[in-house]
Ligand code: AHR
């Protein structure tokens, strides 16, 4: 189903959160935030949303860019602990390996909020809340679009190449799993090759070139775990003398403006939305935590699916 608006529910929940914050808790607080990096258009929008929400709320934001490296995030978290920030927030590069540093934050009594990506930890009390998308569902949505497309062309079978996100990251693991869950057992849909493109355009192009070299015209579909890799791959497809969106269907995730531009040019077939505008929810949650109020352990985001047919109508509404 194509969703074109945020649900009223989401807006009401935000208002409720804001109303629940007593005046004394609205005074400036310090948040240490460790960002994944600047690997994609999505990430740029996510960083801007967090910085903007912090500025508007008068929050003292200590921002650290981890350049896609877990060890940089661990260092940043330790530095936030040493600085005695009120709240630590981070978007974990990868899913595992956080127990030790999160135990240190807990021992220092500094609450931790996860944004965008989840972690796998032995003790869930090591973080207070996780705000972000359902990546498994995003993978399912991408696959469901393909299943529907295949049903409209019942005589055809589709060979798929998959560009995975960063190895060990929650969106790469979950988007792969969600997609596989829907297509597994479907004799008309087969994954030929699957490799990481690290969520970047440059890597997406490079890996797609390799796919094209080894599989050539056997490839009917590209499934990219994000729009940036899809855009890089589109370039590789064109350079190989093929038409992206036609000779090779392009299915990706994020819903950034670059993907809409590609859809308007007929080069990308569908993008599944992953909303990066998490800043306001992060700041509100941090304020509630600081005020000692309970917060939901899991805060999800409402998102849509945008096939190329709706791109022209939706493009003017896109905020990122
Ligand atoms: O964690 C969200 C993912 O990270 C986005 O889909 C991708 O573009 C980003 O790099």
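Residue-wise test of (1) more than 17 Å from the chain's Cα centre (by Cα); (2) under 26 Å from residue 204 (Cβ atoms).
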{"residue": "116", "(1), (2)": "no, yes"}
{"residue": "127", "(1), (2)": "yes, no"}
{"residue": "157", "(1), (2)": "yes, yes"}
{"residue": "161", "(1), (2)": "yes, yes"}
{"residue": "165", "(1), (2)": "no, yes"}
{"residue": "172", "(1), (2)": "no, yes"}
{"residue": "182", "(1), (2)": "yes, yes"}
{"residue": "186", "(1), (2)": "yes, yes"}
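When the stretch 182-205 is filtered for residues that are assigned to a helix (DSSP H, G or I) and surrounded by fewer than 17 Cβ atoms within 10 Å (Cβ to Cβ), only 202 remains. Selection of the stretch 33-59 for residues being closer than 21 Å to residue 84 by Cβ and within 11 Å of the ligand (Cβ to nearest atom) yields only 35.
Scanning the stretch 144-180 for residues that are within 16 Å of the ligand (Cβ to nearest atom) and part of a helix (DSSP H, G or I) yields 170, 171, 172, 173, 174, 175, 176, 177, 178, 179.
Selection of the stretch 272-306 for residues being crowded, with 18+ Cβ neighbours inside 10 Å and assigned to a strand (DSSP E or B) yields 272, 273, 299, 305, 306. Residues of the stretch 100-125 that are assigned to a helix (DSSP H, G or I) and crowded, with 18+ Cβ neighbours inside 10 Å: 101, 102, 105. For the stretch 245-260, a tally of residues being in a strand (DSSP E or B) and either touching a helix residue (DSSP H, G or I) at 6+ places or on another chain (Cβ under 6 Å) or within 16 Å of the ligand (Cβ to nearest atom) (or both) returns 6. Going through (1) more than 19 Å from residue 64 (Cα to Cα); (2) away from the ligand (no atom under 16 Å from the Cβ); (3) buried (at least 18 other Cβ atoms within 10 Å of the Cβ) one by one, residue 132 falls short only on (2).
Laboratory data are not the source of any read-out in this text; all were calculated from the coordinates shown. All of these numbers come straight from a predicted model, not from anything done at the bench. No Cβ is skipped: glycine too gets one built from the backbone with ideal geometry, and neighbour counts run over all protein chains shown.
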